[in-house]
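S.K.: I am attaching a structure below and will ask some questions about it afterwards.
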Amino acid sequence: MRPLSQIVTVALALHLAGCLWSPLLSRPPLQDETVYVTTADEWRIALHHYHPGPAAPPRGHPVILCHGISANHRMWSSDEEHSVPRFLARRGWDVWNLDLRGVGASERPSLWGKRADYGFDHYVTQDARTAIAEVLRRTGAPRAHWIGHSMGGMIIYAYIATYGDRELRSVTTLGSPVVMDGLSGIVRWAQQFAPAVTEYIVSIPERPFLPAIAPAIGVFETSIEAFFWNPDNYPRPFAQNVVYAGIDDMAAGVLRQLAVLFVGGRFTSADGQIDYLEGLRQMRVPLLVGAGMGDNLVQVSNTLPAFEKAGTPSKRLRIFARANGDAVDYGHVDLLGGLHAPADVYPELERWLTRHDGPYIPENPSGPMTHTDVP
Amino acid sequence: MKRLALAFSYLLFFVWACAGPTQVMRTRIETADGAMYLRHYRNAENPAVVIIGSPGISSQIFDVPAYGGLATFLYADGFDVWVVDWGNLPRVANRKRLSEALGAAIRYVGEKSNRRLCVIAHSLGGVLAIDVSARPEIERYVFIAVPGRLAYPLDPIAAWANQPVAMEPRSLRELLGTEGRPGTRGRLLDALLWSGGVEPLRPDVLETFLLPVGPALLQELQEAIRIGGWGSAWEARLAALNAPATVLVGQADALAPPWQTYSLYQRLGSVQKRYQYFSRGMGENREYGHLSILVGEGARREVYPVIAEALQ
């Protein structure tokens, strides 16, 4: 019992320390409003709404943002100026920033409430499906753009393989893998470790302790930080903010499903019935695949199979690298809120959205997707 | 005073030369297109290593400790080291001729050393090493920044692949010198060859390393980039290669980026193979690019030990 009491003591001390520092690190919310919607399996998820700038030209379709694993909606913004949703909203886009279940402002599992007995597939069949339907209902638009980071991109790939792309106008993924090979020993270790540990726990809590750790981020440049972002592109205030606010709890079931999937080398549903990667062949809406040259967590090679499999005739691969004219070789997290992201990444996103914002007309009218939506 | 200064500089040079390997022999190998050379750091009875650099990059980078000096490092570590110096061949020969010359050189080394060889190959040197991989002398490979398939090249490389080739030999510096936006030439070369790490790019050093390559080879390189690979025969040799192999790359390598090098690793037929990339996120002190993975103090401290270990 002694080691357990020591662990509990340390955890409590970290949590209390975090509570003390929180007022120094907290930032006001960037969104204009937050709306809630309940999924079919009774989880309440949050959509943070950024109203389109009044002076900007009106756009044809709303934009849905989806964060990755162990993150929440705050991952998209380092501050007011380095914020994907705020950047797009200023330029007239109606942006909806999703919090998946269990993180951010969405309903969280608890000891006396719901348990975190969900997996990756629930994000696809419940959260994404509900969010898309809700955004289309509220905006009256026939389709929506989807921008996903990391697992947020994997979710939309799986969604398309499961339901098709009839509610989507375009898809953008940033640092989203569909295979996980050629990686560091750290990730290989996690792949081996995760299935065993997640048999015994339901949630990996991070939020109670991150406020305590956040002030220490950036004090010493470590390889851990360089693993997740390019330190040249992510100054200390940004890093502290993302650790404090943007990283969130992780459901063990999600980690287990992803670890099992990738160890086995196939990106499929939990029951193996749907091959999410092969399902991209049916995709017809435009696809932009973005990746950071300096991304240690998700290597560029891990994102390429999705680009290659996607059946859409309109697709583009964009690698954010110094050799391509960008300021830095982008890492995993700084693709979203990095110092140079407003100059390198955000305009690329906006150009893609603008180019594919008119009424959807399938490029292969004889193909299976024949919807033509004219507002 | 002048004579004194001159004498002193000669003395310094003598001391520096003495500090180097005590036995460095240079062998000339005649080919159909001219001569190439082998520099031999002799360590009799020790494992033999052949270092094959890219035809467009001076083999000096393997000799001079001030630039890193992989050959001198391995020699000090007890290896019997042979360095391939392409001479003037890249100015006139195409890939097939270079491969044949390399095959002759490896055969020579095998006969002279009378034991099996380890091959360390960098960049295009690795592509040529696979062209001759059927040679029985070779028992182990270390591939450094060697692209397998050439899918998704970065923008400057893709753009160059569709340009007409000059009829005169051109170095990479000259090929890229007129590219890009005004004022960005240095930055582009830095991004393509060096890295964004701590050691700054020195243009004078870079220009020393980059050698002219003739139109025959340049056209073949452009064709390879356009079709995305080195040909089906090369792929077959890669799949048939069964000697143990280690594949290394810098995360910031924009000339042979990690996804291209990883495709080499995936297609290697070797059962015993290992892939490793170098970056700050992996614990290294700096980022490594196409050239800086072999040159500089950082490479000497962080990359060379990995290479030496792979040869064991």
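The values are calculated or read from the model by the stated rules, or taken from the named source; none is laboratory data. None of these values were measured; they are calculated from a predicted model. Glycine gets a Cβ as well: all are built from the backbone with ideal geometry, and neighbour counts include every protein chain shown. SASA here: full protein model, heavy atoms, side chains in, ligands and nucleic acids out. Shrake-Rupley method; radii C 1.70, N 1.55, O 1.52, S 1.80 Å.
S.K.: How crowded by other chains is B:254-262, given as the mean number of beta carbons from other chains within 10 Å of each beta carbon?
M.R.: Partner Cβ neighbours, averaged per residue: 5.
S.K.: Cβ neighbours within 10 Å, averaged per peptide: list B:242-253, B:218-229 in order, most packed at the top.
M.R.: B:242-253, B:218-229
S.K.: Would you mind putting A:31-37, A:166-172, B:45-51 in packing order, based on average other-beta-carbon counts within 10 Å, highest first?
M.R.: Answer by packing, highest mean first, reads A:166-172, B:45-51, A:31-37.
S.K.: Please report the relative contact order for segment B:221-297, taking Cα pairs under 8 Å with a sequence separation of at least 6, and give it as a percent rounded to a whole number.
M.R.: Value for segment B:221-297: 33 percent.
S.K.: Any chance you could look up the accessible area of A:H340 with a 1.4 Å probe, heavy atoms only, rounded to 10 Å²?
M.R.: 60
S.K.: Distance from the Cα centre of segment B:90-117 to that of segment A:115-167, in angstrom?
M.R.: Between the Cα centres of segment B:90-117 and segment A:115-167 lies a distance of 57 Å.
S.K.: Let me ask another. Count, for each residue of A:313-325, the Cβ atoms from other chains sitting within 10 Å of its Cβ, then give me the mean as a whole number.
M.R.: 5
S.K.: Sort B:98-108, B:299-309 by packing, meaning the average of other beta carbons within 10 Å per residue, with the highest value first.
M.R.: Top to bottom by mean Cβ count within 10 Å: B:98-108, B:299-309.
S.K.: Quick check: Cα centre of segment B:287-312 to Cα centre of segment A:63-113, how many Å?
M.R.: For segment B:287-312 versus segment A:63-113, the Cα centre distance is 41 Å.
S.K.: Still on this structure, please answer the following. Need one value for A:224-232: mean number of C-beta atoms belonging to other chains within 10 Å of its residues' C-beta atoms.
M.R.: Other-chain Cβ atoms within 10 Å of each residue's Cβ, averaged: 3.
S.K.: Moving on. DSSP beta bridges in segment B:18-144, what fraction antiparallel, as a percent rounded to 5?
M.R.: 45
S.K.: Using heavy-atom solvent-accessible surface (probe 1.4 Å) with all chains present, what is the largest-first order of B:K96, A:K309?
M.R.: B:K96, A:K309
S.K.: Let me ask something else about it. Accessible area per residue for segment A:32-110 in Å², computed with a 1.4 Å probe and the full protein assembly in place, what is it?
M.R.: 33
S.K.: With solvent modelled as a 1.4 Å probe, how much accessible area in total do chains A and B shield from it at their shared surface, in Å² to the nearest 100? Before the final figure, lay out the partial values.
M.R.: Working: alone 16120 and 14480 Å², together 28350 Å².
Heavy-atom accessible area buried at this interface is about 2200 Å².
S.K.: Find the relative contact order for segment B:38-98 and round it to a whole percent, using C-alpha pairs within less than 8 Å whose residues are 6+ positions apart. Let's see the in-between values first.
M.R.: Details: 89 pairs, mean separation 27.0, N = 61.
It comes to 44 percent, rounded to a whole number.
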